Every structure is written in structure tokens, then in C-alpha cells.
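Read through the structure below, which is laid out as C-alpha cells, and then see the notes.
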């Protein structure tokens with residue numbers, strides 16, 4: 001696959017967290033245009049200049065990085081808010097002390113954002129994160145599905161690392177979740193915690209622990225670890241930066257091609273874009289606006305591009321942005337009482353009578369959704385291979401890649417041996433096991449457990 005343009009990200013705040021997120025966005029190649037907005041433009045410029053110098057060494061697909069204003073939110077796909085005071089060393093260890101000040105900051109930021117868009121996905125990082133995210137969504141009536149807080153994602157990462165350290169394993173092999181609120185009320189569903197399928201209540205025996213893991217102590221450490229970092233380092237930044245980028249990756253990396261992003265309609269900020277063809281001719285702009293208004297009236301997220309750019313430029317632009325459907329109308333279409341609808345996922349064009357516009361668009365949006373799901377499912381299936389020996393797995397990992405599905409005896413020794421010899425680690429175990437008996441991929445002992453292996457990049 002060639003270089004892929006993933007769209008535009010607006011990053012609000014150029015402090016420690018904002019700078020770390022910018023660096024992570026570049027390293028992970030998650031955007032082709034990043035705009036930094038900060039009250040202190042001089043500081044924002046310094047952050048942008050510093051980050052831009054990393055692109056000579058890190059693969060970043062020629063990403064554009066610049067200082068901007070809130071007006072840049074107008075066509076952004078993702079907005080990340082990091083602005084507002086944070087807990088300082090020596091201050092209260094309660095995130096709620098930030099509430100009063102950061103509520104005002106959030107209100108001022110959202111007031112600016114909604115002047116330009118209600119279509120971008122907003123990821124909020126500022127604390128107290130859950131309360132501020134709720135306030136921004138409800139007070140400004142922002143679409144709920146497009147307002148995301150980082151939640152307990154960072155807490156989950158910390159928890160998995162702490163469990164891994166106690167058991168002497170790689171943190172990526174731990175599956176566990178911190179749920180609830182980012183802060184004092186978070187909790188852990190212990191029955192869902194495992195290491196490559198070994199449940200939590202068996203850790204002591206399986207990993208030869210000198211003493212059992214204290215659940216309450218571990219949860220307490222998770223809750224205060226961020227505050228401990230603040231006392232030691234002065235601030236936190238690395239963990240939350242990768243948490244944000246993991247969220248963005250989940251949004252944009254499942255579906256893409258050489259033309260850019262392909263967004264499922266349910267999460268697409270803009271589901272339909274209306275493009276007037278030969279818009280200088282009489283009545284074309286009015287006809288396009290009518291189509292836009294009709295689609296808006298039935299609850300579809302739609303925009304119209306009546307800029308001076310050429311139609312070809314517009315087609316490429318919205319393909320890159322991943323807009324699921326493009327509706328075109330020009331003088332010839334008006335004469336025939338029709339419009340042309342192009343699908344982003346297949347490129348297929350359909351001519352639709354204007355009287356059937358709403359129903360046709362709704363059906364096509366569902367068709368795009370179903371097709372993307374089917375493609376993703378088939379891609380997973382086509383790249384998952386049943387194997388019986390670690391040598392086979394190694395050959396796959398070093399060659400065509402994919403996931404290996406094998407039998408596993410359940411021992412940590414075999415799991416670690418797979419990492420050492422085959423170069424793969426356990427990725428997950430299917431919730432629904434086949435129940436068939438085979439031989440462990442490493443030791444050859446009888447085994448019934450199905451497990452997936454893959455390369456961790």
C-alpha cells in the first residue's frame with residue numbers, strides 16, 4: 001500500500017500533553033494535516049517547529065504541521081482537547097480541584113468549536129475528564145457519538161503493566177480492564193482479568209508468586225499512579241498521548257485504501273457531501289442546496305461544497321476524507337430529474353431519480369456499512385491460518401504475515417517459547433472454543449485450547 005492520507009486533526013493545547021500527542025500522531029502516521037491551536041501562539045509555534053524536525057527521521061507520510069485557529073475545526077475530522085490547568089506537584093491529589101477552572105476553559109473552547117463544526121469527533125483529555133466530556137456534550141448539544149473522553153483507557157494500560165510486573169510477563173499479554181470513571185470511582189471486573197487465558201485467581205500458582213496479589217492494593221495503585229508521576233516528574237504525558245492515539249487508530253485504521261480514509265457511515269462526521277457540477281450555470285447551486293436540505297431533514301449528516309475548487313479536486317478531497325457517499329448534480333442531471341451518487345467504498349456510481357433521493361441515500365449508507373463490515377471480516381478470515389507447529393508459525397510471521405490459530409496446552413513456558421522461537425506473542429483466545437482436541441503448538445502435549453498468535457509491532 002502506498003502513502004495514505006488520513007485527514008485533518010486539530011490539537012487544542014500545546015502543553016506537555018499536547019506536545020506528546022503531537023509526537024505520537026507523527027510517529028504513528030495517523031494524520032496528514034495537524035493543526036495546533038493554543039492561546040499562546042508563540043509557544044504553539046515552538047512546539048510545531050520542534051515536532052516538525054522529527055519528520056526527517058520518523059515515517060510521517062509528509063504530514064503538514066502548522067499553527068492555526070479555531071476556524072480550522074471547520075473541516076477537521078478529529079479535534080483533541082488538552083487545554084486547561086493540570087494538577088501540580090505538591091497540590092491536592094484530587095482531580096476535582098480542577099473542576100471549576102477547567103469547566104470555564106471547556107466552555108470557552110466548545111463555544112469556539114461549535115461556531116465551525118458539529119461534525120468532527122472530539123476527544124477530550126482535560127481533567128476531570130468524565131465530567132468535562134459530559135458537560136461539553138450536554139451543554140452544547142454536541143452529537144453524543146462524536147464526543148469521546150479517554151475514559152479509563154490509560155488506567156487500563158497502567159493496570160495491565162502492574163499485573164505484568166508482578167507476574168514477570170510482557171504487559172501486552174495481560175488482558176484486564178479498568179471501568180467506571182477516570183479517578184476515585186473506577187473499578188476492575190476481576191473475573192475478566194487473564195494472562196493468555198490464565199484467569200486471575202490462578203496467577204499465584206501459574207506464575208509461582210511468593211504471595212497473592214492484593215486486589216484492593218492493586219486498584220489503589222492504579223488510581224494514584226498518575227498522581228505519583230506528577231509528584232516525581234512534574235506532569236504526565238506519555239501514557240495519555242498513546243491512549244489518545246490508540247483511540248484515533250481504532251477510528252481510522254480499520255478501513256483505508258490508497259486514496260485515503262474509508263469511514264463507516266455510523267462514525268463518519270459527514271455521511272454525504274453534495275457536489276454541484278458546473279456550479280456557475282443557472283440553478284445548479286440552488287438545486288444542490290435543495291438536495292442538501294432534504295437529506296438534512298431526514299437526519300443525515302450532509303454538507304455541500306460550493307467552493308471555487310474544480311469538481312475533480314473536490315472528488316479527490318472527499319475521497320481522502322473518507323466521506324461514505326458523494327451526491328453530484330449538474331445541468332444535465334437537472335434536465336433528467338436525477339442525481340449521481342458515488343460510493344466511497346466501491347467507487348460505484350448510481351443515477352437516482354430526485355424523487356427517490358432520501359430513500360436511495362439511506363439504503364446506500366446501509367449498503368456501505370454492510371460491505372465494510374463484510375470486507376473487514378473477510379480480511380480477518382483470509383489472514384488467519386490454522387497451524388500445528390511453531391516452525392509453521394515462524395515461517396508465516398517472517399513471510400506473508402497474519403494470525404496463526406493453534407492449540408495450546410496453557411503453560412506459560414510454551415507461551416514464552418513461542419515468543420522466543422517463532423517471534424510471535426499470544427493475541428487473544430476465542431470466546432467460543434472449538435472443543436476439539438489437538439497438540440500444543442510448542443510442546444506437542446494434548447491440548448484443547450484454541451489461541452491466536454501474531455507479531456506485535
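The values are calculated or read from the model by the stated rules, or taken from the named source; none is laboratory data. Note that the structure is predicted; figures quoted are calculated from it, not measured. Positions of Cβ are backbone-derived with ideal geometry, glycine not excepted, and every protein chain shown enters the neighbour counts.
Restricting the search to segment 295-315, which residues are in contact (Cβ under 8 Å) with a residue 24 or more places away in the chain and touching a strand residue (DSSP E or B) at 6+ places or on another chain (Cβ under 9 Å)?
295, 300, 301, 302, 303, 304, 305, 306, 311, 314, 315
Taking segment 288-304 as the region of interest, how many residues are surrounded by fewer than 19 Cβ atoms within 10 Å (Cβ to Cβ) and either in a helix (DSSP H, G or I) or over 27 Å from the mean Cα position of the chain (by Cα) (or both)?
7
Can you tell me which of (1) assigned by TED's automatic domain parsing to the domain that holds residue 39; (2) at pLDDT 85 or above; (3) surrounded by 17 or more Cβ atoms within 10 Å (Cβ to Cβ) is the one residue 86 doesn't meet?
Of the numbered conditions (1) assigned by TED's automatic domain parsing to the domain that holds residue 39; (2) at pLDDT 85 or above; (3) surrounded by 17 or more Cβ atoms within 10 Å (Cβ to Cβ), the odd one out for residue 86 is (2).
Check segment 274-281 and report whether any residue there is under 30 Å from residue 147 (Cβ atoms) and within 23 Å of the chain's Cα centre (by Cα).
No, because not a single residue in segment 274-281 is under 30 Å from residue 147 (Cβ atoms) and within 23 Å of the chain's Cα centre (by Cα).
So if I check each of 19, 24, which one is at pLDDT 95 or above and in a helix (DSSP H, G or I)?
Residue meeting the stated conditions: 19.
Of everything in segment 412-429 that's more than 19 Å from residue 205 (Cα to Cα) and in contact with a helix residue (DSSP H, G or I) (Cβ under 7 Å, 6 or more places away or on another chain), which residue is surrounded by the most Cβ atoms within 10 Å (Cβ to Cβ)?
Across segment 412-429, the extreme among qualifying residues is 418.
Return a yes/no flag: does segment 338-349 have any residue that is outside any loop (DSSP other than H, G, I, E, B), over 23 Å from the mean Cα position of the chain (by Cα) and either on the phi > 0 side of the Ramachandran plot or free of Cβ contacts under 8 Å to residues at least 12 places away in the same chain (or both).
Yes - at least one qualifying residue is present in segment 338-349.
For segment 180-199: of the residues being crowded, with 18+ Cβ neighbours inside 10 Å and modelled with pLDDT of 90 or more, which is nearest to residue 426 (Cα to Cα)?
Ranking the qualifying residues of segment 180-199, first place goes to 193.
Quick one: which helices (runs of 4 or more DSSP H) lie wholly within segment 350-447 and hold at least 3 residues that are in contact (Cβ under 8 Å) with a residue 60 or more places away in the chain?
Answer list for segment 350-447: 357-382, 412-421.
Of the residues that sit in segment 322-336 and are touching a strand residue (DSSP E or B) at 6+ places or on another chain (Cβ under 6 Å) and under 21 Å from residue 264 (Cβ atoms), which one is surrounded by the fewest Cβ atoms within 10 Å (Cβ to Cβ)?
By that ranking, first place goes to 326.
With respect to the numbered conditions (1) within 23 Å of the chain's Cα centre (by Cα); (2) more than 19 Å from residue 300 (Cα to Cα), which one is the sole condition not fulfilled by residue 333?
Status for residue 333: all satisfied but (1).
To keep it simple, each residue is scored yes or no on (1) touching a helix residue (DSSP H, G or I) at 6+ places or on another chain (Cβ under 7 Å); (2) at pLDDT 75 or above; (3) part of a strand (DSSP E or B); (4) within 27 Å of residue 128 (Cα to Cα).
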site: 39; (1), (2), (3), (4): no, yes, no, yes
site: 47; (1), (2), (3), (4): yes, yes, no, yes
site: 58; (1), (2), (3), (4): yes, no, no, no
site: 61; (1), (2), (3), (4): no, no, no, no
site: 71; (1), (2), (3), (4): yes, yes, no, yes
site: 80; (1), (2), (3), (4): yes, yes, yes, yes
site: 96; (1), (2), (3), (4): no, no, no, yes
site: 101; (1), (2), (3), (4): no, yes, no, yes
site: 105; (1), (2), (3), (4): no, yes, no, yes
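In this structure, is residue 37 farther than 19 Å from residue 126 by Cβ and surrounded by 15 or more Cβ atoms within 10 Å (Cβ to Cβ)?
no
The rows are residues; the columns are (1) under 24 Å from the mean Cα position of the chain (by Cα); (2) in contact (Cβ under 8 Å) with a residue 12 or more places away in the chain; (3) outside the structural domain of residue 113 (by TED's automatic domain parsing).
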| site | (1), (2), (3) |
| --- | --- |
| 158 | yes, yes, yes |
| 169 | no, yes, yes |
| 187 | yes, yes, yes |
| 210 | no, no, yes |
| 214 | no, no, yes |
| 218 | no, yes, yes |
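Check segment 198-206 and report whether any residue there is in contact (Cβ under 8 Å) with a residue 12 or more places away in the chain, closer than 21 Å to residue 450 by Cα and out of contact with any strand residue (DSSP E or B) (no Cβ under 9 Å at 6 or more places or on another chain).
Checking segment 198-206: at least one residue is in contact (Cβ under 8 Å) with a residue 12 or more places away in the chain, closer than 21 Å to residue 450 by Cα and out of contact with any strand residue (DSSP E or B) (no Cβ under 9 Å at 6 or more places or on another chain).
Residue-by-condition table, conditions (1) on the phi > 0 side of the Ramachandran plot; (2) at pLDDT 90 or above:
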| residue | (1), (2) |
| --- | --- |
| 260 | yes, no |
| 267 | no, no |
| 277 | no, yes |
| 315 | no, yes |
| 325 | no, yes |
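Mind telling me which of the residues 401, 438, 410 ends up being under 30 Å from residue 319 (Cα atoms), touching a strand residue (DSSP E or B) at 6+ places or on another chain (Cβ under 9 Å) and outside the structural domain of residue 325 (by TED's automatic domain parsing)?
401
What tally of residues in segment 1-16 results from selecting those that are over 17 Å from residue 55 (Cα atoms), out of contact with any helix residue (DSSP H, G or I) (no Cβ under 8 Å at 6 or more places or on another chain) and at pLDDT below 90?
Final tally of qualifying residues: 2.
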